[in-house]
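S.K.: This structure is in structure tokens; I'll ask about it shortly.
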Amino acid sequence: MSREPLDQSRKLVTELPGPKARELHERLETYVPKAVSPSTPAFAARAEGGIVEDVDGNRLIDLGAGIAVTTVGASHPKIVQAVQEQVADFTHTCFMVTPYESYVQLAQRLDGLVPISGQTRTVLLNSGAEAVENAVKVARAYTGKQAIAAFDNAYHGRTTLTMGLTAKNMPYKESFGPFASETYRVPGSYPYRDGLTGAQAAARTIESLETQIGANQLAAVIMEPIQGEGGFIVPAEGFLAKIVEWCKANNVLFIADEVQTGFARTGDWFASTTEGIEPDLITLAKGIAGGMPLSAVTGRADVMDAVHAGGLGGTYGGNPVAVAAALASLEVMEEEELSAKANRIGELITEHFTRIQKDDARVGDIRGRGAMMAIEFVDPETKEPLAKLVNEIAVEARKQGVITLTAGTYGNVLRFLPPVVIDEDLLQEGLSVITDILAQTK
């Protein structure tokens, strides 16, 4: 059934939440656990491009993209068509029971995209956390070692293993322990707060790896090239290259967690490419399939093949409908040159907040890359995090029809993850709403 395109403009016809949304929220509170806590006071009815339309007919500017998922927009026509055609053929067989060509096709496509030289292998899964867990399994099987090192400010998921790798306690880890053993945390690079060069931060990290864990015990180091939930922390120049160099010299695998940074989000296919590093394994999800649940672990062939037959997989891993969406998404990213568009988004956000920063010293740091940008708000005198201010801005912006997200170990970061296809005028309007709210809080 064809539908009229969704108008790419913000429009509020009711207060937020509107009457239908309030009724749905009452039902949500009755039937959904309190632990599942949506942040936006609207219930989606349609979404397209940079707009989400709610059940009351309000149109909201989307600066979150479902947490970096709808990179190509929430219902790109090519993806809709691919999904519909696949659904008409078959919805599921389980690749481990009866395989299908599209799974192999996507694995081959990723082989040509990831920044790993030589032959790679890919296993398809369902979520980012599942990809991380399987990367850890592969690393342990290949090296015969158990320890896994993650970093301060890291986020790798909400499962028992990945919670152990994730740094932030609330809301991700509180009351859920004990966590998986043989996971360790080491300091990373946070230029705005530690003031270290890449070489200095890497030396500190390597000292921790060698003294607290030991290379002979360490199967892998895992890191997001730009730390997501930790506050979009871009490591100092040269930091990641030094860590990867140490890993290669010590028979330790380097896992690049590109669940959030991958697929044109940061102005290249992968953030690892921009950093000039070559991981042994790379975890992928979020933007891979235009909103369909899909993830992947792609790695060196010799590493991936270290696992025994039947050791990787899952009932829904590489579901054919999600795979069809992924193949279509990759085509859209290439055809519409979304890496270049992501870089343009980064320029616009940086320019906007640099102007604001001149008159408002609470804008402490403007950072990120491409369409993955963040603003860290601090007390101008002490650099103490202003988490309360960030929460107030986000809440008010949502009431005014701009979907925003917060982040940061200290909760004081406003992050921007718009669909990369968003109209520039729409993006600028969303940013202006936020800065108007900021001006009113002085």
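S.K.: Over the alpha-carbon set of the chain, work out the extent along each principal axis and list the three values in angstrom, largest first.
M.R.: 61, 60, 43
S.K.: Still on this structure: Rounded to the nearest 500 deg cm²/dmol, what is the calculated helix-only ellipticity per residue at 222 nm for the chain, with -39500 (n - 2.57) per DSSP H run of length n ≥ 4?
M.R.: Numbers: 15 runs with 166 residues, N = 442.
Helix-only estimate at 222 nm: -11500 deg cm²/dmol.
S.K.: K173: which lysines have alpha carbons under 24 Å from its alpha carbon, excluding same-chain residues fewer than 8 sequence positions away?
M.R.: Once the sequence-local lysines are set aside, what remains near K173 is K34, K137, K286, K388.
S.K.: In the neighborhood of I356, defined by Cβ-to-Cβ distances under 14 Å, what is the net charge if each Lys or Arg adds +1 and each Asp or Glu adds -1?
M.R.: Around I356, the surrounding residues sum to -2.
S.K.: In addition: Once you've got the GNM for the chain with C-alpha springs shorter than 10 Å, pick whichever of A271, A289, A45 has the biggest mean-square fluctuation.
M.R.: Fluctuation is largest for A45.
S.K.: Could you derive backbone 3J(HN,Hα) for the stretch 12-25 from the dihedral phi with the Karplus parameters 6.51, -1.76 and 1.60 (θ = phi - 60°), listing whole Hz in sequence and x where the residue is Gly or Pro?
M.R.: So the J values, rounded to whole Hz, are 10, 9, 9, 5, 10, x, x, x, 5, 5, 5, 5, 5, 5.
S.K.: Can you check what the net charge comes to around V303, using other residues whose Cβ is under 12 Å from the Cβ of V303 (Lys, Arg +1; Asp, Glu -1)?
M.R.: After counting each charged neighbour, the total is +1.
S.K.: From the Cα gyration tensor of the stretch 79-335, with a ≥ b ≥ c the square roots of its eigenvalues, which class applies: rounded if a/c is under 1.5, or else prolate if a/b is larger than b/c, or else oblate?
M.R.: prolate
S.K.: Let me ask another. Grab the other residues whose beta carbon is less than 12 angstrom from that of G276, score K and R as +1, D and E as -1, and report the net.
M.R.: Around G276, the surrounding residues sum to -4.
S.K.: With the Cα gyration tensor of the stretch 46-203 giving a ≥ b ≥ c as the square roots of its eigenvalues, does the rule (a/c under 1.5 for rounded; else a/b larger than b/c for prolate; else oblate) give rounded, prolate or oblate? Spell out each step's value before the answer.
M.R.: Numbers: a/c = 1.85, a/b = 1.29, b/c = 1.43.
Note, shape of the stretch 46-203 comes out oblate.
S.K.: Setting aside same-chain residues fewer than 8 positions from K442, which aspartates and glutamates have a Cα under 20 Å from its Cα?
M.R.: Once the sequence-local aspartates and glutamates are set aside, what remains near K442 is D359, D360, D365, E376, D379, E381, E384, E392, E396.
S.K.: Hey, another quick one. How do E229, E23 rank when sorted from fewest to most other Cβ atoms within 10 Å of their own Cβ?
M.R.: Ascending Cβ contact count within 10 Å gives the list E23, E229.
S.K.: So, one more: Taking neighbour Cβ counts within 10 Å as the exposure measure, how do S117, S329 sort from fewest upward?
M.R.: Fewest-to-most ranking of S117, S329: S117, S329.
S.K.: Taking the stretch 295-380, which GluC sites (Glu not before Pro) meet the DSSP loop condition and have no more than 15 other C-beta atoms within 10 Å?
M.R.: E337
Quick note: the coordinates plus some simple rules give every number you see, no bench work behind them. Everything numeric in this text was worked out from a predicted model, so none of it was measured. Note that we place each Cβ from the backbone using ideal geometry, even for glycine, and neighbour counts take in every protein chain shown.
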